[in-house]
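For reference, the structure is listed below as structure tokens.
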Amino acid sequence: MTGSFAQLAKKAEQEKAFITVSKEPVENPPLEIYKLGNQVLRNPANRISKVDNSMRELAKNMLTSMYSAKGIGLAAPQVGIQKRILVIDLDIENPATPPHVFINPEIISSSGSINTYEEGCLSIPGVYLDVIRPTSIKVSFRDEMGRPKKMNADGLLARCIQHEIDHLNGILFVDRVTNEETLKKELKENGFFYKDVNTLNSK
């Protein structure tokens, strides 16, 4: 009985493990966030074969860089690292809320219902445009300790996960914008070029 209790206690402690970093912006973030027009954003990321301390350190640096840019999501290709890892925190003002770390995330199902919502991106600052996506998804991934997980997500979290997984596949949210004239106008006003947008077949 004692052994099983100890095992349960250890398991509970392990389940609580998560990466903690300060959510306060830093003057010199550890990673540079690349902008639309840089080819590094278009290269598909590689699966991660081993979740180790180097991956956890990468996640910490990504979070620090994300918080410093006042973002809620960041994928490794945005910082020039072609690995399938992304971080999300929808509650960046609350130090007590732990961030999400998704390693090798895959959407295994999505709802038939869709909605339109305004999106932005740290790689395309100043541009905010409507994108159509499924309202809810189920995603499989490994957490920062390498444990396999599955999660049901809806609302903003579902949208954010889809947005960041797109980054892992070399897709940016502007590729999914259907209002071409508004897209061109927003890009021009913020110093970006329409030629750097990849039109998706789904549009």
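All of the numbers you see were taken from the coordinates with simple rules; none came from a lab. All of these numbers come straight from a predicted model, not from anything done at the bench. Cβ atoms come from the backbone with ideal geometry, glycine included; neighbour counts cover every protein chain shown.
Listed values, structure above:
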read-out	value
Relative contact order (percent, whole number), the range 18-196, Cα cutoff 8 Å, 6+ residue spacing	23 percent
Potential lengthening between S49 and T116 on full extension [0.36 nm per residue; Cα-Cα distance subtracted]	20.6 nm
Per-residue ³J(HN,Hα) for the range 163-174, Karplus 6.51 cos²θ - 1.76 cosθ + 1.60, θ = phi - 60°, Hz, x for Gly and Pro	4, 6, 5, 3, 4, 5, 9, x, 10, 10, 4, 5
Whole-Hz ³J(HN,Hα) from phi, Karplus 6.51 cos²θ - 1.76 cosθ + 1.60, for the range 94-99, glycine and proline x	10, x, 7, 7, x, x
Segment A69-E57, length gained on full extension (0.36 nm per residue, minus Cα span)	2.5 nm
Using alpha-carbon coordinates, inclination of helix 2-16 to the longest axis of the chain, degrees	20 degrees
Pairs from K70/K195; K138/K195; K83/K150; K23/K150 whose Cα-Cα separation, in the structure shown, is over 22 Å	K70/K195; K138/K195; K23/K150
Beta bridge orientation in the range 18-196: antiparallel %, DSSP, nearest 5	95 percent
Residue-span extension gain [K188 to Y128] - 0.36 nm each, minus C-alpha spacing	20.3 nm
Near-label residues of the range 52-92 by backbone N, under 12 Å of a point 7 Å along Cα→Cβ of K150	none
Once exposed loop GluC sites (Glu not before Pro) are cut out (DSSP; at most 12 other Cβ, 10 Å), longest piece of the chain	94-203
Calculated FRET efficiency for the pair N28/T135, C-beta based, R₀ 30 Å, to 0.05	0.20
